[in-house]
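Participant: Please find one structure pasted underneath; my questions will follow.
The values are calculated or read from the model by the stated rules, or taken from the named source; none is laboratory data. None of these values were measured; they are calculated from a predicted model. Neighbour counts run over all protein chains shown; Cβ positions are idealised from the backbone, glycine included.
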Amino acid sequence: MNKKRFFGALMMISLFAGCASVETKKEAFPLMYESNYKPLSVLVAPAINKSTAADAGELINVTLTQPLADNGYYILPIAIVSEVFKAEGIVAGEQLLAAPMSVFKNNFGADAVLFVTINEWDKNYYVIAGNVTVGMSFVMLSTNDREVIWSYDAQVVLNTSGQSSGFLVADLINTAVNTAVADYVPLARQVNQLAINTLPFGKYHPKSGLDAEAKVVLTASKDEALKDE
């Protein structure tokens with residue numbers, strides 16, 4: 001099987017003018033409105049961590065379950081699923097990319113699998129300017145036939161530059177401290193929410209099936225979410 005690449009629709013707190021397109025949820029993710037694809041239960045695979053932060057994957061686990069559940073999906077307990085995979089020597093999502101969908105369907109009863117790729121989890125410091133960036137890709141596959149039923153890319157950048165005091169040394173120290181102490185978890189929650197806001201409501205949400213005409217902002221084709229190199 002060829003190595004897979006994750007792409008989706010890039011979104012930031014401030015969208016790049018001229019790059020974004022707007023579609024309805026049904027236009028963007030039509031399979032999510034078909035009864036044979038719309039998932040009830042979702043398994044969140046261990047994160048695919050492309051950042052240099054070793055603990056990023058664990059932190060993602062504590063920020064993802066609640067917004068998915070609030071959106072109307074039953075999420076298989078991430079801690080239990082992770083322990084099952086660890087017992088089999090699987091600790092990263094990359095190890096599951098080539099797994100048959102029957103593994104998730106037959107052993108866990110999952111209707112869909114969500115792969116999350118951590119693309120950015122960085123603190124950047126440039127003399128008197130700094131920022132903290134969290135960027136992730138989300139790809140949900142049906143366990144029926146591995147179809148991509150939802151995908152999205154989202155990124156949040158927190159400006160940690162200190163307010164100018166007129167004193168260069170003080171500004172340098174302020175920016176350095178702000179960048180060093182910035183907490184990733186609230187940023188990860190924002191990224192998750194940006195993405196999940198585009199996800200059609202699940203069966204357990206009172207508005208399930210009623211959001212087909214809701215508008216979502218996309219900057220890349222969802223058809224490229226999983227593409228052979």
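Participant: When residues of the stretch 1-35 are filtered for being modelled with pLDDT of 75 or more and touching a helix residue (DSSP H, G or I) at 6+ places or on another chain (Cβ under 7 Å), how many remain?
Facilitator: Residues in the stretch 1-35 being modelled with pLDDT of 75 or more and touching a helix residue (DSSP H, G or I) at 6+ places or on another chain (Cβ under 7 Å): 4 in total.
Participant: I would also like to ask the following. Of Ala69, Ala53, which residue is small (Gly, Ala, Ser), more than 24 Å from Asp211 (Cα to Cα) and surrounded by fewer than 18 Cβ atoms within 10 Å (Cβ to Cβ)?
Facilitator: Ala53
Participant: Out of all the residues in the stretch 183-204, which are within 13 Å of the chain's Cα centre (by Cα) and part of a loop (DSSP other than H, G, I, E, B)?
Facilitator: Asn197, Thr198, Leu199
Participant: Moving on. Quick check on this structure: which one of Val169, Val157 is in a strand (DSSP E or B), aliphatic (A, V, I, L, M) and either at pLDDT below 95 or crowded, with 17+ Cβ neighbours inside 10 Å (or both)?
Facilitator: Answer to the selection: Val157.
Participant: Evaluate the following for Lys38: is it at pLDDT 90 or above and over 16 Å from Arg146 (Cα atoms)?
Facilitator: Here the answer is no, as Lys38 does not meet what is asked.
Participant: Please enumerate the residues belonging to the stretch 32-50 that are within 25 Å of Pro77 (Cβ to Cβ) and of a type in the set (S, T, N, Q).
Facilitator: Ser41, Asn49
Participant: Quick one: would you say Asn119 is modelled with pLDDT under 55 and either within 23 Å of Ile60 (Cα to Cα) or in contact with a Cys (Cβ under 6 Å, 6 or more places away or on another chain) (or both)?
Facilitator: No: the conditions fail for Asn119.
Participant: Given the condition exposed (fewer than 13 other Cβ atoms within 10 Å of the Cβ) and at pLDDT 80 or above, answer yes or no: does some residue in the stretch 177-191 qualify?
Facilitator: No: zero hits.
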